[in-house]
Amino acid sequence: MKLSRFPLSAKLFCTLFLMGIGCGSLAAFAQASTAVGLSPAAVRESLSPEMPMTAMGHGQMSAEKEIDLAQIPESAKVWMRTPLLIQTSHTHLFGQTLIAGLLALIFAFNSLREGAKCAIGALPFVGTWLDIGGMWATRFASPSLSVLVIAGGTLFALGYALIAGFSIYDLWFRKELSA
Amino acid sequence: MNARLARLLALALAAAAPVRAHITPPVVLASDRDAVARLLAGSSRYFVREVRLSPTQRESVRQKTGWTPDEDLYRFYVGRTADAVTVGATIFISEFTMHGPVRVAVALAPDGRVKGVSVVEVTEETYGWVKPLLDGGFLQRFAGRDAGGALSQTVDSGGSMSRFYAGVIARLVGRAAALYDVTRSTQ
């Protein structure tokens, strides 16, 4: 069974699903850019443990220093503490994996070669793992691993774009050769 | 073929239900700087004071509030006049509910009593439940309270979710007051 041979209703529902996920991805992109930022530095700032503003050393119980009011952040940024990281991880792992699974389900009926389908269809899954895994790695292993979060989001978007593009082509534009 | 497709679609829709549990985006009601400036009005100099709690201090907070502090350090923004008289100290403190985080700024007077409270961040979903509390002047009830007095604050009006979030805010104010109280000797 190929996408191009789907009945009209199935073609319509697959297309609407792909469009909906595309709109959702754009909204998620906009939210990530406004709430956290889209650079490894912004992700690092949001996820890595809070650093003291004072020069408090290990073993020191308190420290104080004078600051200018301007040193307190004007733009409120979401600082992702561990409980929020747990919440975000479980909802995104369920949500994104389900989206990746539904994309892969549609893509499984594409007419590309099996190798290409496996490679492209796996991108949203790998992107999700890199994205969420990168958040934990940034928080607990090394702030420099924040690049994984950006790479994961990019892979997910790339996978979606390829799957949607090839699928829409097969659904509506591929001409089947008669046997 | 159609029956097979229908089964696949039904399975996919059933599996997608948990996606609705997603936490809604943050709603920032005030920046940290704005909250500090407003709650410590009258200050002309600002200081940041960071404290690590000793095991005794953590236990003391637990006894006062039922909550055990888990952060490595707690940060107070301290406001003073030009004559070095302390106006108060503000701390930002959060609770993570199943509908997303609630973050409040709590200002404490030098005697440990609450000077003012500001909700600085909620989520789109929780904002609808927290807004009636803000509009109804719930935050003003905390002025002059200590940790125990803050914890006892409730609301009788509003829906059950507003009452739930009134409890969340009261717990956060109580924790802030207790944290200030146990570290006051170093303030």
**OP:** Please find, in a Gaussian network model of chain A (springs between Cα atoms separated by less than 10 Å), the residue of A:MET56, A:MET80, A:MET19 whose mean-square fluctuation is greatest.
**Re:** A:MET56
Original post:
If one puts a single equal scatterer on every Cα of the stretch A:115-179 and applies the Debye formula without solvent, what log₁₀ I(q)/I(0) results at q = 0.12, 0.18 Å⁻¹?
Top reply: -0.41, -0.68
Original post:
So how do A:TYR169, A:TYR160 line up by other beta-carbon neighbours within 10 Å, fewest first?
Top reply: A:TYR169, A:TYR160
Original post:
Do any GluC sites (Glu not before Pro) in the stretch A:5-96 lie in a loop, going by DSSP, with at most 14 other beta-carbon atoms within 10 Å of their beta carbon, and if so which?
Top reply: A:GLU50, A:GLU74
Original post:
So how compact is the stretch B:130-187: Cα radius of gyration and Dmax in angstrom?
Top reply: 12.4, 41
Original post:
Taking only Cα atoms, what is the 0 to 90° angle, nearest 10, from helix A:8-35's long axis to the longest principal axis of chain A?
Top reply: 20 degrees
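Listing B:THR90, A:THR34 from the residue with the fewest other Cβ atoms within 10 Å to the one with the most, what is the order?
Numbers: B:THR90 30, A:THR34 13.
Listed from fewest to most nearby Cβ atoms, that is A:THR34, B:THR90.
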Subject >> Spatially proximal aspartates and glutamates relative to B:LYS115 (Cα-Cα < 14 Å; intrachain offsets below 8 disregarded) >> reply: B:ASP146, B:ASP181
Subject >> In degrees, nearest ten, helix A:82-107 long axis to first principal axis of chain A (Cα) >> reply: 10 degrees
Subject >> Inter-probe distance in nm under a simple model that places probes 7 Å from Cα toward Cβ, at A:GLN31 and A:LYS2 >> reply: 3.8 nm
**OP:** For the stretch B:79-187, just the Cα atoms, rotate onto the principal axes and tell me the three extents in Å, largest first.
**Re:** 45, 23, 23
Subject >> lysines with Cα under 20 Å of A:LYS2, excluding same-chain neighbours fewer than 8 positions away >> reply: A:LYS11, A:LYS117, A:LYS175
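For every helix of n ≥ 4 consecutive DSSP H residues, a contribution of -39,500 (n - 2.57) applies; sum these over chain A, divide by its total residues, and give [θ] at 222 nm rounded to the nearest 500 deg cm²/dmol.
Calculated at 222 nm, the ellipticity per residue is -21500 deg cm²/dmol.
Just so you know, all these numbers are worked out from the coordinates, no wet-lab data involved. This one's a predicted model, so the numbers in the text were calculated from it and none came from an experiment. Don't worry about glycine lacking a Cβ; one is built from the backbone with ideal geometry, like all the others, and counts go over all protein chains shown.
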